Amino acid sequence: MSSSKSYLSVLVRIFKEMGLKNIVFSPGSRNAPLIMAFSAEPDIRCLSIPDERSAAYFALGIAQQTGTPVAIACTSGTAPLNYGPAIAEAYYQKIPLLVLTADRPPELIDRGEGQTIRQDNVYANYIKQSFTFPSQTVTEEEHRHAEHIANEAWNISLFPDAGPVHINFPFPDPLYDFEYDTSGEVHLVQPGKTVPGPGTGKLNELAGLWNRAERKMILTGLLPPDPRLEEILTELAQDPSVVLLTETTSNLYIPGAIPGIDKVISTVSGEEADAFRPEILITLGGHIVSKMIKSFLRRHKPAAHWHISPSGQQMDTFQCLTEAVAARPDVFFDRLLPLLHTGTGNFRTTWIKRYNRSEERHHTFIKDVPFSDLKVFHILFETIPAGASVQLANSTPVRYSQLYRMKKQLTFFSNRGVSGIDGCISTAAGAVFATGRDTWLLTGDLAFFYDMNGLWHTYVDNHLKIVVINNGGGGIFRFIEGPDRSGQLDIFETPHQLSARHAAALFGIHYKEARDETTLTQAVNTLAGSGEAAILEIFTPREENGKILRKYFNHLKK
């Protein structure tokens, strides 16, 4: 066996040539060969974040913004398990991560060695593919095998849908004998770049179904900004037989679209349901936030449901999927549009009239509502500067945001792949590190305290503004059905009296607080004009927020 870990140079060089710019390490001993190997390559930026869970989410935030793979590397034992939440999120949100885990040789697993677990395929349920890297590359065949793993790992992380890929490294002792080898050439296999999409026959079939239907609905989930897709959907949204439903996290600003889905669905009675039910439903993008539209479409199923994604994923959210179309949404609609006829009828008008009525009632309610979570989000979206990036934490912030039609261009991101509260600070910190753009994290108190280690590193950018809505517990459990009637609300809600002030002091971050409309507006304006990272903590009434939100939806209906 080779005494030098120079064979890792194959991996590093291929990743560099493919375009790797960042790798996030969590310090350890078993992963020393990886640290030394990547640190020897000046074109790859090596970052160090001690908490593995935070490190993985930080990398996810970078990859979320750049669309290119980011590597994470940790030691053996429980360290790889701490990557689990971010890897699951990346898998379901389709974000490219290269997960590099150090390990002991297989003959030492389950033999009483310290810091060992069974790491082969440890992420089996939420990884695109797992590999084991060779412990040496003495022969030509071993060298080619190492090249194959590096190429395939990179390509699979990007195509046809992005996602995380795992490479496990069973390192023998000694660990600190690495020599970076730049001799010889490495073989690159370029990733696929195009998805063929449906053929002419299938397109004609789908166009025929579309042209015969009088009620069509396009429903968009989590999407990055996409000017070409926005242009196409703007054209489709003018058809009187088409209604376009978008969410805040869809990042689509389209005249005639309906961005506040729940504001309409919550007012539709059983007798009216058929008038709002589509014959054809087309979905694209990631997960849908609105539980109301999911419930409505499961009860009042369309005759056909097409889901459009590059991988042809069978996303049967509404239990009526009829077509899983493998295509990029913009390419699919580009090819379909010339085959479509402008429809007739009043389906779009029905939705727009109800939406306009709800918007009017929304504004009358918000105008007089007391200081509460609902009022806070109204003020935030009024005062956060146009052009900013907004990271929405789970669970209440991303839900409240769906109730507002944005008057300015903001770009929204949220970890809605798995929708956990973990990792919101770390993801936002990674995102602003990648972009250097003003980024506002809107988070509840529990999500903030859960991920405070997301500030435990030296990469907190001055453009990061963290807004903590502190209602003293898990506020969502006061307005979803069940917990408030269970007799165990305290267990669900986890009430507390903590303040983010102490966390700000611990990490040396500027802190402000707000307890009413005036101080909140002033604080947001101050933060918007400041050149430093900051935490703004907003205190709202824990016991009143749920009651106010219920009154809000009743006001929309009456």
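Brief remarks follow.
Residue-wise test of (1) crowded, with 23+ Cβ neighbours inside 10 Å; (2) in contact with a Gly (Cβ under 8 Å, 6 or more places away or on another chain); (3) not in a helix (DSSP H, G or I).
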site: 11; (1), (2), (3): yes, no, no
site: 17; (1), (2), (3): no, no, no
site: 60; (1), (2), (3): yes, yes, no
site: 71; (1), (2), (3): yes, no, yes
site: 89; (1), (2), (3): yes, yes, no
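- Every pair of residues 6+ apart whose Cβ atoms lie under 6 Å, when the first sits in segment 495-524 and is in the same structural domain as residue 429 (by TED's automatic domain parsing) and surrounded by 14 or more Cβ atoms within 10 Å (Cβ to Cβ) while the second is in a helix (DSSP H, G or I) and charged (D, E, K, R): 511/501
- Helices (runs of 4 or more DSSP H) fully within segment 244-357 that include at least 1 residues being of a type in the set (Ser, Thr, Tyr): 291-299.
Conditions (1) among the β-branched types (Val, Ile, Thr); (2) in the same structural domain as residue 62 (by TED's automatic domain parsing); (3) more than 34 Å from the chain's Cα centre (by Cα), marked per residue:
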| position | (1), (2), (3) |
| --- | --- |
| 147 | no, yes, no |
| 151 | no, yes, no |
| 154 | no, yes, no |
| 157 | no, yes, no |
| 166 | no, yes, no |
| 188 | no, no, no |
| 213 | no, no, no |
| 220 | yes, no, no |
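- Residue count for segment 376-433, restricted to those that are of a type in the set (D, E, K, R), in contact with a Ser or Thr (Cβ under 9 Å, 6 or more places away or on another chain) and buried (at least 19 other Cβ atoms within 10 Å of the Cβ): 2
- Condition broken by residue 141, with the remaining ones in (1) at pLDDT below 90; (2) in contact with a Ser or Thr (Cβ under 9 Å, 6 or more places away or on another chain); (3) surrounded by fewer than 16 Cβ atoms within 10 Å (Cβ to Cβ) satisfied: (2)
- Counted residues, segment 393-427 - those being closer than 21 Å to residue 437 by Cα, in contact with an Asp or Glu (Cβ under 7 Å, 6 or more places away or on another chain) and part of a loop (DSSP other than H, G, I, E, B): 2
Yes or no, residue by residue, for (1) closer than 19 Å to residue 536 by Cα; (2) touching a Phe, Trp or Tyr at 6+ places or on another chain (Cβ under 8 Å):
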residue	(1), (2)
390	yes, yes
402	no, no
420	no, no
424	yes, yes
446	yes, no
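The values are calculated or read from the model by the stated rules, or taken from the named source; none is laboratory data. Only a predicted model underlies this, so the values are computations on that prediction, with no experimental measurement involved. Please note: Cβ atoms are built from the backbone with ideal geometry, for glycine as well, and neighbour counts cover all protein chains shown.
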